[in-house]
């Protein structure tokens, strides 16, 4: 008789999030377990619901180790996710598990399980763990059931990866590739500093680049403490913070404020964020950082408002001036200070290379990561496209948004995740052509996947519907990936994050793609070109 399938669920570290998200997780698990039983296999849950905590997630590495001690090492193992999860809660057990592993997510933007699963997939890939992956809206469609049947019978699921072409088999145009190599060579020769405010945000093992892989690119980490950032915030005067707030007001930023600090964005929260912005720039200058990443989610969340307004501001060339506390010199004048959200170091090297390369190409250099959050078909004038929801809590520069700074509505972060509030950089990304990419670690080496996408403008009511199906306080990008389907992207992408940068038109995007591919290859990465319209053959 076949061994019973064991199902587990990794969750958040925050009790409030786990409690709120638990009903969605229960619904997803019930559907997955019903699907397994419909194919003639027994399935059991690997851990119980905790009636005191009010949820049934593995909510810490400590508890995860307890759970895995009870799971037979050869059992077929399903990790079911309907929520954002911390991969390190279960990574230890998955690394040593000997049975087949399947990660599963519900196709929903709600909490979101897709993002959690993609993070876990990226972490497993970095760790060298063999796994398969599936996703579904209701777990009854034939694509899901067929994949599940294959995994139950063979321990593997095979996906279509025909959209992926190794750069080594393609020909790059001379001029943009020369520009890319030149930028990469300059970074490797002159070296650069990545300021990391505490590594390992939210268990994102896949977001940490080992130093020995990073150093050959010319980028070196300056390991900074978020406690130092908070201490520096306390040295910023109220008058300096008010100057930054006045700058925002003068450019038309709409702060959606109230008086209830627990549930609304308040003026005090905004001024604290302004202090964080000034402190971050000053610390970056002190240590000579070319790019920085603030973890925020753990640690800072318990003592100050969110970093998201700060992150988006840092990533914009046009931003409030910050002066040296002693000399009065304007720091990083006329430049953005590229920021990688959630200290995702893979996005950090991508963001810095992109910023310098776009400068060399004469393009607006602002770039950002997004969560690969969700997506649905959208039909207009009889034509249907799959339109992704790219969405992230912070880091999006207003230069990417319709209306620029005046298109920003800063809303309070959800209390479930951000107890002390703080404003976002909410807006809708402008239509245009973008280069998308992801740097990741696999097989003990740096890799990069690149492709092109078109950002489309949807009707206001459709944008609002998608916002409310995800997180309405966050900036949104409606993206159509060229030649990469929903399932192909999910099958290949090795991160919860995707990096995007605008080009002036499709021809310009193709030029930038070639330059970026050459730059990454020059830095020693294994590069894949994904999808169509790339101009490469």
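Only the coordinates and a few stated rules stand behind these numbers; no lab work does. Bear in mind the structure is a predicted one, so any value in this text is a computation, not a measurement. As a convention, Cβ positions derive from the backbone with ideal geometry for all residues, glycine included, and neighbour counts pool all protein chains shown.
Per residue, the Cα convex hull of region 5-154 amounts to 96 Å³. Shape class of region 38-80 from the Cα gyration tensor (axes a ≥ b ≥ c, square roots of the eigenvalues): oblate, since a/c reaches 1.5 or more and a/b does not exceed b/c.
How would you order 83-92, 404-413 from highest to lowest mean count of nearby Cβ atoms within 10 Å?
Details: 83-92: 24.8, 404-413: 21.3.
Output ranking for 83-92, 404-413: 83-92, 404-413.
Decide, for region 313-377, between rounded, prolate and oblate: order the square roots of the alpha carbon gyration tensor eigenvalues as a ≥ b ≥ c, take rounded if a/c falls under 1.5, and otherwise choose prolate if a/b is larger than b/c, else oblate. Prolate, because a/c is 1.5 or more and a/b exceeds b/c. On a 0 to 90° scale, report how tilted helix 460-469 is relative to the longest principal axis of the chain, with both axes built from alpha carbons and the result rounded to the nearest 10. Result, in degrees: 60. Using only alpha-carbon positions in the chain, the gyration tensor eigenvalues give semi-axes of 36, 28, 22 Å once each is multiplied by 5 and square-rooted (largest first).
Max-minus-min Cα coordinates of region 134-246 on each principal axis give 63, 44, 34 Å, with the largest extent listed first.
Using Cα-Cα distances under 8 Å and only pairs 6 or more residues apart, what relative contact order does the chain have, in percent? Mind dumping the intermediate values first?
Details: 1243 pairs, mean separation 88.8, N = 537.
Normalised by residue count, the contact order of the chain is 17 percent.
Relative to the dominant Cα principal axis of the chain, helix 267-287 is inclined by about 80°.
Take the Cα of residue 263, step 7 Å toward its Cβ, do the same at residue 384, and the gap between the two points is 4.0 nm.
Please give the peptides 422-434, 282-294 ranked by average Cβ packing (other Cβ atoms within 10 Å per residue), highest first, as a rough proxy for protection. Write down the numbers at each step before the final one.
Working: 422-434: 23.4, 282-294: 21.3.
Top to bottom by mean Cβ count within 10 Å: 422-434, 282-294.
In terms of the Cα gyration tensor, with a ≥ b ≥ c the square roots of its eigenvalues, is region 380-537 rounded because a/c is under 1.5, prolate because a/b exceeds b/c, or oblate?
Values: a/c = 1.82, a/b = 1.42, b/c = 1.28.
It comes out prolate by the Cα gyration axes.
When each of the peptides 295-306, 46-57 is scored by how many other beta carbons lie within 10 Å of its residues on average, the order from highest to lowest is 295-306, 46-57. Working note: 222 nm ellipticity from helices only, DSSP H runs with n ≥ 4, each -39,500 (n - 2.57), summed and divided by the residues of the chain, gives -11000 deg cm²/dmol to the nearest 500. Between 0 and 90 degrees, the angle of helix 506-522 with respect to the longest Cα principal axis of the chain falls at about 80 degrees.
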